[in-house]
1. Just give me the residues in segment 1-47 being touching a Gly at 6+ places or on another chain (Cβ under 7 Å) and part of a helix (DSSP H, G or I), in sequence order.
2. Name, by its number, the condition in (1) in contact with an Asp or Glu (Cβ under 9 Å, 6 or more places away or on another chain); (2) more than 14 Å from residue 16 (Cα to Cα); (3) not small (Gly, Ala, Ser) that does not hold for residue 118.
3. With the condition kept exactly as written, say whether any residue in segment 45-53 is touching a strand residue (DSSP E or B) at 6+ places or on another chain (Cβ under 8 Å) and under 29 Å from residue 8 (Cα atoms).
4. Quick check on my filter: what residues within segment 27-52 are within 18 Å of residue 123 (Cβ to Cβ) and either of a type in the set (Phe, Trp, Tyr) or in contact with a Cys (Cβ under 7 Å, 6 or more places away or on another chain) (or both)?
5. So if I check each of 119, 89, which one is in contact (Cβ under 8 Å) with a residue 40 or more places away in the chain, hydroxyl-bearing (Ser, Thr, Tyr) and closer than 18 Å to residue 9 by Cα?
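No lab work stands behind these numbers, since they all come straight from the coordinates. Note that the structure is predicted; figures quoted are calculated from it, not measured. Cβ atoms come from the backbone with ideal geometry, glycine included; neighbour counts cover every protein chain shown.
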Amino acid sequence: MSHLQNIADRFEIEALRGEFSDAAMMRDYDHVASLFTPDGVLRFPDAKVEIIGREEIRAGAERLQNLWEYFVQTTHPGAIRVHDDDTATGRAYVTEFGRMRDGSSHQNHGIYHDRYRRTPEGWKFTERTYEVRYLDTTPLPGTAQNVPGAG
């Protein structure tokens, strides 16, 4: 693989990870699902959630997001390793916080452990697993303003 191709692949994968956070925060469930291969898997082991395939990922993303009064996710770049067989692996570091519709609060720092595949439509997730490293359930004092899909 050429040096320039490696740079382009890493750039495209970083854009994919950014699109995931944006689609989740904007509650664009169709777009969340489109970022995965047809057999892709989204896992949240701490919540005992495993969602397989685009249709289930779309429905699961909507179901999970509808539990939140508001939700903010900030993703920070991490490692990306592009392999010679049109696959890659990586990690992204995440800060999340929000308040659930039941009034409970949730703030965490975690890591997405990712597997990617180059497809004719570009790079897609084949697997995305979220590992919580720090969790705080202290009530958040703020309020949500202009939250898409809230209410």
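1. Correct list: 12, 13.
2. (2)
3. Within segment 45-53, the first condition is being touching a strand residue (DSSP E or B) at 6+ places or on another chain (Cβ under 8 Å), and the residues that meet it are 45-46, 49-53.
With under 29 Å from residue 8 (Cα atoms) added as a condition, the list becomes 52-53.
Looking through segment 45-53, at least one residue is touching a strand residue (DSSP E or B) at 6+ places or on another chain (Cβ under 8 Å) and under 29 Å from residue 8 (Cα atoms).
4. Within segment 27-52, just 36 meets the criteria.
5. Numbers: 89 fails: in contact (Cβ under 8 Å) with a residue 40 or more places away in the chain.
From the options 119, 89, the qualifying one is 119.
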